[in-house]
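Visitor: If you scroll down you'll find the structure; I have some questions about it.
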Amino acid sequence: MKKKTFKSLSFIIGALHGYIVRHDKSLNPSTKSEGKEDYEQSILYYLKDNGVVRFNHIAIKTKFLAKGGLGEDRFERNRLSANYLKKKYPDLVTIFHRKNGMSEIRLHTRKKY
């Protein structure tokens, strides 16, 4: 891990984030992004603040797709969430599929909002 900080559109994992409390309901992710709500929250704060700050040298330790957690039966939920995010933010989201068929997204800035 390199000690780098970015201020742009970056994915901020939901398990380790901080934000300015504004009591602004427009910054709440939609239930349609369930399973990818941390992506939508990253997008919403990016659009509100013209960027999010990501510290690349700070991380969490986790087991992705672990049994008993969010790891079971996620294929359909991820597909629906990815499609919702792509439709709502077409200039910021690209969909791709992992080797196991899981739908995922990438964030990018191709056009200014």
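Visitor: Look at Tyr39 and say whether it is surrounded by 13 or more Cβ atoms within 10 Å (Cβ to Cβ) and modelled with pLDDT of 95 or more.
Guide: no
Visitor: Give all pairs with beta carbons closer than 7 Å in which a residue from region 25-38 that is in contact (Cβ under 8 Å) with a residue 40 or more places away in the chain and under 16 Å from Ile13 (Cβ atoms) meets a residue that is open to solvent by less than 70 Å² (accessible area, probe 1.4 Å) and of a type in the set (A, V, I, L, M, F, W, C); count only pairs at least 6 apart in sequence or on separate chains.
Guide: Pairs that qualify, where the first residue is in contact (Cβ under 8 Å) with a residue 40 or more places away in the chain and under 16 Å from Ile13 (Cβ atoms) and the partner is open to solvent by less than 70 Å² (accessible area, probe 1.4 Å) and of a type in the set (A, V, I, L, M, F, W, C), are Ser33/Leu85; Lys36/Ala82; Lys36/Leu85; Lys36/Ile105.
Visitor: Go through region 32-65 and count every residue that is touching an Asp or Glu at 6+ places or on another chain (Cβ under 9 Å) and either closer than 13 Å to Lys88 by Cβ or assigned to a loop (DSSP other than H, G, I, E, B) (or both).
Guide: Going through region 32-65 one residue at a time, the tally reaches 4.
Visitor: Which residue is modelled with the lowest pLDDT, if the candidates are limited to region 4-36 and must be open to solvent by less than 40 Å² (accessible area, probe 1.4 Å) and of a type outside the set (A, V, I, L, M)?
Guide: Taking the candidates together, the pick is Gly14.
Visitor: So, Lys111, is that one among the basic types (Lys, Arg), out of contact with any strand residue (DSSP E or B) (no Cβ under 8 Å at 6 or more places or on another chain) and modelled with pLDDT of 90 or more or not?
Guide: no
The values are calculated or read from the model by the stated rules, or taken from the named source; none is laboratory data. Owing to the predicted nature of the structure, the values given are computational and were not obtained by experimental measurement. FYI the Cβ positions are ideal-geometry reconstructions off the backbone, even for glycines, and counts take in every protein chain you see. Ligands, DNA and RNA are excluded from the accessible area calculation, which covers all protein heavy atoms including side chains. Shrake-Rupley method; radii C 1.70, N 1.55, O 1.52, S 1.80 Å.
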